[in-house]
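I have placed the structure first, in the form of structure tokens, so that the comments after it can refer back to it.
The values are calculated or read from the model by the stated rules, or taken from the named source; none is laboratory data. The structure presented is a predicted model; accordingly, all values stated were derived computationally and were not measured. With ideal geometry, Cβ positions are generated from the backbone for all residues, glycine too; neighbour counts draw on all protein chains shown.
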Amino acid sequence: MNPLAMAAVIVVLSAAFGLSAKSRWELLSTGRPDMRFDRLPERVRGVVEYALGQKKMGYYRVAGLAHKLIFVGFMVLLLRTLILWGRGFVPDFSLFVLGHGQPLGMAYDLAKDIVATLVVVGASTFVYLRVVKRESRMTLSGEGLVILGIICTMMIADMLYDGAMMALGAKASLACEGPAKSVFAVRPTDGLCESVRTVVAPLGASIDQPVGFVWHAPAGSVFALLLEGASHRALLFLAHLGFWTHATLVLVFANILPYSKHFHIITSIPNVFFHNLDPQGRLPLVAKDSEALGGMVEKAFENPAEAAPVGVGKIEDFSWKAILDFYTCTECGRCSDNCPAHKTGKILSPKMLSLGLRDHLLERDLELVEASKARAAKAADAHAHGEEPAQAEPPAEEAEAAPKPELVGDVIHPDVLWACTTCRACEEQCPVMISYVDKIVEMRRNLVLIKGEFPAQLNGPFSAMETNGNPWNIARVDRGNWAEGLDIPLMSDNPKAQVLFWVGCAGSYDDRAKKVARATATLLKQAGVDFAILGSEETCTGDPARRAGNEYLFMMLAEQNVATLNGYKEQGGIKTILSTCPHCFNTLANEYPDFGAKFEVVHHADYLMGLVAKKKLVPSKKVGGKVAYHDSCYLGRYNGIYESPRDLLKAAGVELVEPAEFTKSKGLCCGAGGAQMWMEEQNKDRVNVKRTLQLLDTGAKTIASACPFCSTMLTDGLKDQSKEEEVRQLDISEVLLEACSASEAPAKKAKKKSAKSEDEASA
């Protein structure tokens with residue numbers, strides 16, 4: 001080969017890639033800081049499992065398998081590329097023990113040929129899915145087809161090089177070492193023999209072997225057999241063609257990546273490595289407390305140029321990790337396919353949201369980079385003079401230019417944001433761990449706190465949570481009325497109670513959810529659990545406000561609740577908080593620790609199942625009929641609680657049935673999350689109805705849930721289908737109570753026996 005040509009190819013194309021990568025790096029660095037270097041072993045494990053192991057690619061079997069084939073092929077062929085670059089300088093170059101004729105070398109050659117063939121199959125499959133049998137979720141673009149064409153060409157070029165080299169090697173001995181009468185006799189000055197020797201040098205001593213099938217080079221053997229009759233000059237040309245095509249296209253491919261959706265080939269591993277390791281249910285804080293947030297909002301109104309961003313109002317307000325997400329989107333469409341809003345015809349498509357933000361970011365590439373450099377220079381200058389850094393003023397020409405497009409309004413339609421149920425089904429299926437919900441909530445925060453723009457239906461719940469501590473706007477003093485007749489103590493009367501039953505707003509005020517609260521409390525009393533409630537001291541956790549973008553209201557409610565909880569903790573009470581609402585459970589367990597509340601928080605599915613396991617609750621009556629269980633998003637996808645509700649239903653003796661496909665992590669949202677409970681859906685196709693139909697398809701006569709919001713939405717779904725008289729909707733606690741209704745807890749039995757003895761004695 002030609003060392004100078006090889007060096008030129010590597011240097012020139014690598015330099016070009018470096019410039020492309022530099023521009024993308026500079027844009028990435030314009031994002032807000034976001035520390036992501038904690039818990040390194042966990043991050044490495046995530047890379048191995050999701051980026052390298054392709055764990056989430058199995059959702060679509062055909063496309064997922066094709067992608068895995070291409071990915072594995074690239075990993076295996078990476079060594080081959082390095083070997084070919086080495087041969088550009090040293091003809092017989094090999095990596096360590098991968099030389100010709102060595103056991104590991106032959107094993108690698110076999111693996112290389114197999115995966116190269118599979119890569120061609122995988123790339124051809126994607127062409128079929130994008131062009132012939134086009135999947136609606138997939139993006140059809142010219143650059144995508146070009147990339148697939150390059151991938152196939154690289155693989156075929158490598159096979160061609162091997163085949164031409166093997167065919168040429170079989171003739172080389174006779175051609176250049178044989179007698180002068182040989183048909184290939186040449187003058188020493190001709191240089192042809194030297195060229196042949198250079199090409200076949202990796203074959204070593206086997207160059208005089210006849211053309212045939214070689215077990216460790218199956219693809220090369222096929223090409224060698226096809227080319228057996230070609231002339232020496234033709235074979236020499238084809239060997240060079242295959243060699244230089246593969247060696248060069250690898251770098252051409254790398255240069256295309258930063259400007260295409262296939263940039264994820266480079267960014268997917270770091271994106272998985274840096275993905276958020278916090279609990280799914282924990283949203284990032286805007287400020288440390290409500291007072292600090294209030295100051296930020298005030299400053300944003302008084303001096304927006306120097307104020308820190310509150311939420312995301314401009315593309316530059318996103319963090320660098322969010323920008324990395326934009327780079328990494330594969331445009332596979334799995335997110336949109338699994339989004340309940342998108343599945344029911346809403347304007348929201350997580351894929352198009354991500355692409356819209358990415359395109360807007362890239363359109364402002366130069367502007368954002370220059371502004372970032374100006375800020376950095378001004379900050380450095382201020383630091384050098386011992387001054388506080390100030391916001392860099394925009395250039396005069398920029399100030400006079402036309403107003404920039406609004407992020408929400410011009411780039412992203414507001415209805416896109418308000419259609420989200422925050423269920424995270426999109427994130428559950430994303431193969432490269434892209435976050436969507438956090439971005440949507442960040443943009444909602446800016447709309448609510450800075451612009452005061454949000455659906456009119458939220459005015460009532462916001463005001464009600466602020467004044468009465470619940471979105472139903474019922475008086476605080478009525479919060480404990482649901483427990484009338486149950487003789488449940490208040491924490492104020494029993495401050496050392498170890499178990500706090502956090503009833504929540506729904507259980508306190510919603511007529512349907514009150515029955516769930518009473519069923520749960522009855523079971524706790526049967527089991528002899530020493531528990532108490534807060535009554536009027538309890539207020540909304542703030543979950544609806546936070547998911548709707550009203551971070552300030554959430555913080556006020558959280559700080560109030562945390563003060564109450566920690567007050568009883570200081571008195572020796574509250575070791576465990578029990579909740580029947582997954583939204584309350586998630587907020588208390590995952591978000592309140594940011595405000596200083598550290599308790600064991602348990603959902604009633606886990607707690608009641610624990611009581612059953614300890615024989616403190618003994619189901620004695622079988623609950624008949626088929627039961628379909630609906631997974632709450634905030635219980636399942638957010639907190640990984642899938643089995644205990646099902647185990648509880650099985651303990652009650654029911655025949656549990658599941659939808660054929662849409663269950664557990666693939667289960668459809670009920671449509672109530674993200675404050676959707678208090679908003680009207682954007683079109684006639686309702687998420688709760690679609691979910692109800694999926695559950696009815698099981699033939700169930702009871703639909704069970706473990707969330708008051710889900711219960712409401714499923715009940716409405718049954719009414720929509722006129723099935724409310726045929727099919728029951730029950731909470732898991734109500735099903736268990738039916739099963740336990742004929743049994744009594746030992747403590748209760750003992751109490752009754754004692755009372756009976758006293759009556760007999762007095763008689």
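Of all residues in the range 26-39, exactly one satisfies the criterion of being more than 20 Å from residue 314 (Cβ to Cβ) and surrounded by 13 or more Cβ atoms within 10 Å (Cβ to Cβ), namely 36.
Considering (1) at pLDDT 80 or above; (2) surrounded by 15 or more Cβ atoms within 10 Å (Cβ to Cβ), the lone condition that residue 394 does not fulfil carries the number (1). Out of everything in the range 596-646 that is acidic (Asp, Glu) and buried (at least 18 other Cβ atoms within 10 Å of the Cβ), what residue ends up being nearest to the chain's Cα centre (by Cα)? Among those that are acidic (Asp, Glu) and buried (at least 18 other Cβ atoms within 10 Å of the Cβ), it is 631. So in the range 44-54, with the set limited to residues that are touching a residue at least 12 places away in the same chain (Cβ under 8 Å) and on the phi < 0 side of the Ramachandran plot, which one is surrounded by the fewest Cβ atoms within 10 Å (Cβ to Cβ)? Among residues in the range 44-54 that are touching a residue at least 12 places away in the same chain (Cβ under 8 Å) and on the phi < 0 side of the Ramachandran plot, the one surrounded by the fewest Cβ atoms within 10 Å (Cβ to Cβ) is 44. Residue 306 passes every criterion in (1) closer than 24 Å to residue 367 by Cβ; (2) at pLDDT 95 or above apart from (2). For the condition within 26 Å of the chain's Cα centre (by Cα) and under 24 Å from residue 217 (Cβ atoms), what is the one hit in 111, 123? The unique qualifying residue is 123.
Annotation: residue 323 fulfils all but one of (1) more than 25 Å from residue 427 (Cβ to Cβ); (2) modelled with pLDDT of 95 or more; (3) within 28 Å of the chain's Cα centre (by Cα); the unmet one is (1).
Any residue that is more than 19 Å from residue 655 (Cβ to Cβ) and either in a helix (DSSP H, G or I) or free of Cβ contacts under 8 Å to residues at least 40 places away in the same chain (or both) - is there at least one of those in the range 698-707? For the range 698-707, residues more than 19 Å from residue 655 (Cβ to Cβ) and either in a helix (DSSP H, G or I) or free of Cβ contacts under 8 Å to residues at least 40 places away in the same chain (or both): absent.
Looking at the range 139-147, can you tell me whether even one residue there is surrounded by 17 or more Cβ atoms within 10 Å (Cβ to Cβ) and either at positive phi or free of Cβ contacts under 8 Å to residues at least 12 places away in the same chain (or both)? Looking through the range 139-147, none of the residues is surrounded by 17 or more Cβ atoms within 10 Å (Cβ to Cβ) and either at positive phi or free of Cβ contacts under 8 Å to residues at least 12 places away in the same chain (or both). When the range 525-556 is examined, which residues are found to be among the aliphatic types (A, V, I, L, M), part of a helix (DSSP H, G or I) and surrounded by 24 or more Cβ atoms within 10 Å (Cβ to Cβ)? Passing the criteria: 545, 555. In the range 598-622, which residues are among the small types (Gly, Ala, Ser) and touching a strand residue (DSSP E or B) at 6+ places or on another chain (Cβ under 9 Å)? Listed by number, the list holds a single entry, 610. Does the range 79-98 contain any residue that is over 30 Å from residue 195 (Cα atoms), among the charged types (D, E, K, R) and within 34 Å of the chain's Cα centre (by Cα)? Looking for residues that are over 30 Å from residue 195 (Cα atoms), among the charged types (D, E, K, R) and within 34 Å of the chain's Cα centre (by Cα), one finds none in the range 79-98, hence no.
Would you check if there is a residue in the range 124-138 being in the same structural domain as residue 83 (by TED's automatic domain parsing), modelled with pLDDT of 80 or more, hydroxyl-bearing (Ser, Thr, Tyr) and within 19 Å of residue 84 (Cβ to Cβ)? No: zero hits.
Within the range 665-700, being of a type outside the set (Val, Ile, Thr), closer than 24 Å to residue 586 by Cβ and touching a Pro at 6+ places or on another chain (Cβ under 8 Å) holds for 667, 668, 669, 671, 675, 677, 678, 679, 690, 691, 694, 695. In the range 48-63, of all residues being over 17 Å from residue 434 (Cβ atoms) and of a type in the set (Gly, Ala, Ser), the one that is modelled with the highest pLDDT corresponds to 53. Do we have residue 530 as among the acidic types (Asp, Glu) and in contact (Cβ under 8 Å) with a residue 60 or more places away in the chain here? No, not satisfied.
Checking each residue in the range 473-486 for being of a type in the set (Asp, Glu) and in a loop (DSSP other than H, G, I, E, B) picks out only 484. Considering (1) modelled with pLDDT under 95; (2) in a helix (DSSP H, G or I); (3) of a type in the set (D, E, K, R), the lone condition that residue 598 does not fulfil carries the number (2). Can residue 97 be described as assigned to a loop (DSSP other than H, G, I, E, B), more than 16 Å from residue 160 (Cα to Cα), assigned by TED's automatic domain parsing to the domain that holds residue 217 and modelled with pLDDT of 85 or more? No. Annotation note: Cβ proximity below 6 Å between a residue of the range 555-580 that is within 16 Å of residue 492 (Cα to Cα) and a residue that is small (Gly, Ala, Ser) and crowded, with 18+ Cβ neighbours inside 10 Å (sequence gap 6+ or interchain) occurs for 562/597; 565/597; 573/497. Can you say whether residue 656 is within 13 Å of residue 703 (Cβ to Cβ) and either of a type in the set (S, T, N, Q) or surrounded by fewer than 18 Cβ atoms within 10 Å (Cβ to Cβ) (or both), as far as the supplied structure shows? Yes; evaluated as a whole, the condition is true for this residue.
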